[in-house]
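Heads up, the thing below is written out as structure tokens.
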Amino acid sequence: MIKSVCGYCGVGCGLEFDTSKLIGDIAYPSNEGLLCSKGVSELHTIQTTTRLLRPQLKHNEGYLNIDWDTSMKYVASHIKKSDPKKVAFYLSGQLLTEDYYIANKLAKGFIKTNNVDTNSRTCMASAVVAHKKAFGVDYVPVRMEDIKKANLLILAGSNAADSHVVFFNKIKKEQKRGLKLIVIDPRVTTTAKAADLHLRINVGSDIDLFNLVALRLIEDEKVDASYIENHTNNFSTFKSKLQREAKTKMLKRTGLSQEEFEMFMTMFYENENIISAWTMGLNQSVQGVDKNLALINLHLLTGKINKAGNGPFSLTGQPNAMGGREVGGLSTTLAVHLDFNDEDIAKVEEFWQTKGIAPKRGLTAVEIVDEALKGNIDVLIICHTDPIYHLPNRNKVEEAFKKIPFIVEINAYENSETAPFAHLRLPAAPWGEKEGTQTNMDRSITQQKKLTRTSIDCKYDWEIFKLLAHELGFQKEFSFENAQEIFDEYKEMTKLSKNGHLDIYTMKEDENFIWGKELFKNNEFLTPNKKANIHFVKNEILSEKTSKAYPFILLTGRTRDQWHTGTKTALVEKLKKHEDLEYVQINPMDAKALDIKEGDMVDIKSLRGEITLEAKISDEVKEKTIFIPVSARKMNYLTSDLIDKESFQPDYNHSAVSIKSIARIEL
Ligand SMILES: Nc1nc2c(c(=O)[nH]1)N[C@H]1C(S)=C(S)[C@@H](COP(=O)(O)OP(=O)(O)OC[C@H]3O[C@@H](n4cnc5c(=O)[nH]c(N)nc54)[C@H](O)[C@@H]3O)O[C@H]1N2
Ligand SMILES: Nc1nc2c(c(=O)[nH]1)N[C@H]1C(S)=C(S)[C@@H](COP(=O)(O)OP(=O)(O)OC[C@H]3O[C@@H](n4cnc5c(=O)[nH]c(N)nc54)[C@H](O)[C@@H]3O)O[C@H]1N2
Ligand code: SF4
Ligand SMILES: [Mo]
């Protein structure tokens, strides 16, 4: 029997592999034996007809199989002849820590480009920035087990029932114990259906709601004055600025009634221990950071943080998005939570035994696209992610990628949307064929284990970066023989983190380790005066506006059994039964007004592009809002590429679109 961990979502469920069968690991705390449909069927995704099995070089309209040695020579020669500023890496929160570490070290430390970004930019970047602004460090001060002590859980912009399935099962169990659940989401999601109170807020108005709550807490003198005094900064400025805001306008923007707001306040007051958790409904916004801060404020005002059963809980989407943040996978951090100031750079240069790390942050995802459009990207190395699928404003991304002279795609499967744009495709060994480390949303560090042999011509992701490093002449600095050796070096490097807060260097071998257990002890944060920062933020209404031509707001999101593009999940027959992959959900009133019937093919248009999908009529979406699941691979032809100015995270959930029926099957 081999113990491993699921490679899909941030819950990071422990599992056991026995005589070709997967079961949940009863002894593993994240899941206590439970697995969702995706986890259970992961074995079926290893050997498929869609695996990429050979390095392939683009030749005329097709691809030519080539060997690894030649492949590496091509990549190295393109990098060597390019200005480092024109080289970019695009990584993924699904990579293992070792893969992430070595890619980051190679790019920032040796190729000397800080253009190392990751799909976590589209996912967790707003939470990262908010944590740093509020707490002085990117740290999640709540763990899943805390819900056992909570009386109220507020889920804002999170459809955990479909996205963090096993965690949600635990929530349901706690509901039987008496846990109350408030869900803040414009859609009637599976999660919302399980709520004691569902606030069907207007898209993009969360800051208004949280500010109204903050104001009421102040008015009712329900703030924790002593906590504010001893452990926070900026309260008086916050209070005076907040009191200048017009309450009725704020409530109107949320679309909620006064009664609904009062119900929320009653539940907030009646319950002692409160956790609020959120995901893409807050992060993926032109004010993603501010949305995070507005919610974190509520915990700081009431002192409901840093004690069991309380706190703001940013739920991580991908299995190792947290690990990627630690390692330095975002272009806005250097490594081990360090920045690009002289002191941090000097520390990292000494550790890596290198010189000349570029002294400023690198390009972020959408900036890479913008620079590519201007002809400023020569080489783009993409690993374990599908940017043509997932970046906003796809027509623009495609145009930009066509201008990049050399794109390398490292993928375990051949059918990504990015594949046709790659000049060189390199086959990686997927989950089950490789091993290494990941940090789940709980800060638990776990090991993915190898369950079967690696396909002959496929390599571990870390091994590909090692080969490239060698080809570039950095043998000594990349002499790793296995994943463990890379992890050991990374572990040592965590000693450099500010105050040693990333305490992975204390981890013992094979220990189920949770980093930062002692962080924020005695409510001491990592800011200069150890107090958390309260930030005044307000809804600036910056998203794309709807208009006569584009009167609908487009929302996109997950369904339970599919993982993004579905290169893995869409292959498993059992997983396709739960929900269609491609459709658009439309409210019955809108459908009636536009003569759209269930099953019609509907044209959906935005200022940027157009796609066609089958209509599903449902009052789960509000009027003037439509929903498309992320398994509809072409959705990003429609989305707006506005970004949050601090986190650079796209405003995926607020694109103005029009809809029109174009074909109907008459019965
Ligand atoms: N089955 C499955 N699970 C997954 C994934 C998957 O692909 N499939 N992906 C993983 C990843 S990478 C991630 S990031 C997570 C994402 O996890 P979630 O964020 O829970 O997933 P989404 O479906 O994007 O849900 C976001 C919710 O926010 C709501 N929303 C949109 N705009 C607003 C707003 O302005 N305010 C509020 N309050 N709500 C809003 C949407 O209606 C939607 O229900 O899921 C992870 N888990
Ligand atoms: N409109 C809209 N766009 C979105 C979102 C949204 O909610 N709405 N969500 C955003 C978010 S939160 C995220 S996280 C992204 C997700 O978007 P992506 O990361 O692009 O989606 P995935 O399908 O998970 O891509 C993972 C890729 O890794 C490949 N792969 C699998 N195993 C391995 C391996 O072991 N090694 C290598 N090298 N490759 C492997 C898979 O075949 C697949 O092509 O989408 C973002 N874009
Ligand atoms: S909840 Fe997440 S980690 Fe657990 S089995 Fe499902 S996909 Fe895997
Ligand atoms: Mo994500």
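The values are calculated or read from the model by the stated rules, or taken from the named source; none is laboratory data. None of the values given here were measured: they were computed from a predicted structure. In this analysis, Cβ positions are derived from the backbone assuming ideal geometry, glycine residues included, and neighbour counts consider all displayed protein chains. These accessible areas exclude ligands, DNA and RNA; they are computed on the full protein's heavy atoms, side chains included. Shrake-Rupley method; radii C 1.70, N 1.55, O 1.52, S 1.80 Å.
Just a few scattered comments:
- Number of the exception - LYS252 against (1) assigned to a helix (DSSP H, G or I); (2) more than 29 Å from the chain's Cα centre (by Cα); (3) surrounded by 14 or more Cβ atoms within 10 Å (Cβ to Cβ); (4) not aromatic (Phe, Trp, Tyr): (3)
The rows are residues; the columns are (1) assigned by TED's automatic domain parsing to the domain that holds ALA400; (2) open to solvent by 20 Å² or more (accessible area, probe 1.4 Å).
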site: ASN292; (1), (2): no, no
site: GLY303; (1), (2): no, no
site: GLY324; (1), (2): yes, no
site: GLY329; (1), (2): yes, no
site: VAL336; (1), (2): yes, no
site: PHE340; (1), (2): yes, yes
site: GLU343; (1), (2): yes, yes
site: LYS355; (1), (2): yes, yes
site: LYS360; (1), (2): yes, yes
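- Qualifying position, being within 16 Å of ligand 4 (Cβ to nearest atom) and either of a type in the set (Gly, Ala, Ser) or more than 30 Å from HIS299 (Cα to Cα) (or both), among SER77, SER82, SER92, SER41: SER92
- None of GLY323, GLY356, GLY329 is farther than 30 Å from GLY178 by Cβ and more than 25 Å from the chain's Cα centre (by Cα) except GLY356.
- Segment 171-186, residues that are in a loop (DSSP other than H, G, I, E, B) and either closer than 20 Å to THR302 by Cα or open to solvent by less than 30 Å² (accessible area, probe 1.4 Å) (or both): LEU179, ASP185, PRO186
- Filter pass, ASP146 being open to solvent by 10 Å² or more (accessible area, probe 1.4 Å) and assigned by TED's automatic domain parsing to the domain that holds THR332: no
- Total residues in segment 565-620, condition in contact (Cβ under 8 Å) with a residue 60 or more places away in the chain and among the hydroxyl-bearing types (Ser, Thr, Tyr): 3
- Residues of segment 14-43 classified as away from ligand 1 (no atom under 16 Å from the Cβ) and not in a loop (DSSP other than H, G, I, E, B), total: 10
- Number of residues in segment 56-108 that are closer than 20 Å to MET493 by Cα and among the hydroxyl-bearing types (Ser, Thr, Tyr) equals 3.
- Those strands (runs of 3 or more DSSP E) of segment 528-634 in which 3 or more residues are surrounded by fewer than 21 Cβ atoms within 10 Å (Cβ to Cβ) and modelled with pLDDT of 95 or more occupy 601-605, 610-617.
- Residue in segment 258-272 that is among the hydroxyl-bearing types (Ser, Thr, Tyr) and open to solvent by less than 20 Å² (accessible area, probe 1.4 Å) present: no
- Any helices (runs of 4 or more DSSP H) falling wholly within segment 289-382 and containing at least 2 residues that are in contact with a Pro (Cβ under 8 Å, 6 or more places away or on another chain): 342-352, 365-373
- Cβ-Cβ under 6 Å pairs, at least 6 apart or on other chains, segment 300-312 side at pLDDT below 95, far side in a strand (DSSP E or B): none
- Whether a residue is away from ligand 3 (no atom under 16 Å from the Cβ), in contact with a helix residue (DSSP H, G or I) (Cβ under 6 Å, 6 or more places away or on another chain) and among the acidic types (Asp, Glu) was assessed, and ASP206 passes this test.
- When segment 105-136 is filtered for residues that are open to solvent by 10 Å² or more (accessible area, probe 1.4 Å), assigned to a loop (DSSP other than H, G, I, E, B) and either β-branched (Val, Ile, Thr) or within 15 Å of ligand 2 (Cβ to nearest atom) (or both), only CYS123 remains.
- ALA277 vs. criteria open to solvent by less than 10 Å² (accessible area, probe 1.4 Å), among the aliphatic types (A, V, I, L, M) and not in a helix (DSSP H, G or I): yes
- Residues that are assigned to a loop (DSSP other than H, G, I, E, B), open to solvent by less than 10 Å² (accessible area, probe 1.4 Å) and within 13 Å of ligand 2 (Cβ to nearest atom) within segment 388-411 comprise LEU391, PRO392, listed in sequence order.
- Taking segment 1-13 as the range and being aliphatic (A, V, I, L, M), more than 16 Å from ligand 1 (Cβ to nearest atom) and outside any loop (DSSP other than H, G, I, E, B) as the test, only ILE2 passes.
- The sole residue among LEU209, LEU217, LEU153 that is among the aliphatic types (A, V, I, L, M), part of a helix (DSSP H, G or I), crowded, with 23+ Cβ neighbours inside 10 Å and touching a residue at least 40 places away in the same chain (Cβ under 8 Å) is LEU209.
- In this structure, LEU467 does not satisfy being more than 28 Å from ILE79 (Cβ to Cβ) and either within 16 Å of ligand 2 (Cβ to nearest atom) or in contact with a Cys (Cβ under 9 Å, 6 or more places away or on another chain) (or both).
- Test: residue in segment 637-650 that is in a helix (DSSP H, G or I), within 26 Å of the chain's Cα centre (by Cα), under 24 Å from ASP386 (Cα atoms) and at pLDDT 95 or above: yes
- Among the residues examined, LEU242 does not qualify as open to solvent by less than 10 Å² (accessible area, probe 1.4 Å) and more than 22 Å from ARG216 (Cα to Cα).
- Just one residue in the set ASN119, ASN159, ASN151 is more than 18 Å from the chain's Cα centre (by Cα) and polar (S, T, N, Q); that residue is ASN151.
- Of the residues making up segment 23-36, just one is surrounded by fewer than 20 Cβ atoms within 10 Å (Cβ to Cβ) and touching a Ser or Thr at 6+ places or on another chain (Cβ under 9 Å), namely PRO29.
- Among the residues of segment 446-476, those identified as in a helix (DSSP H, G or I) and open to solvent by less than 40 Å² (accessible area, probe 1.4 Å) are ASP461, TRP462, ILE464, PHE465, LYS466, LEU468, ALA469.
- Breaking point among (1) out of contact with any Asp or Glu (no Cβ under 7 Å at 6 or more places or on another chain); (2) open to solvent by 30 Å² or more (accessible area, probe 1.4 Å); (3) under 25 Å from LEU95 (Cα atoms), for THR385: (2)
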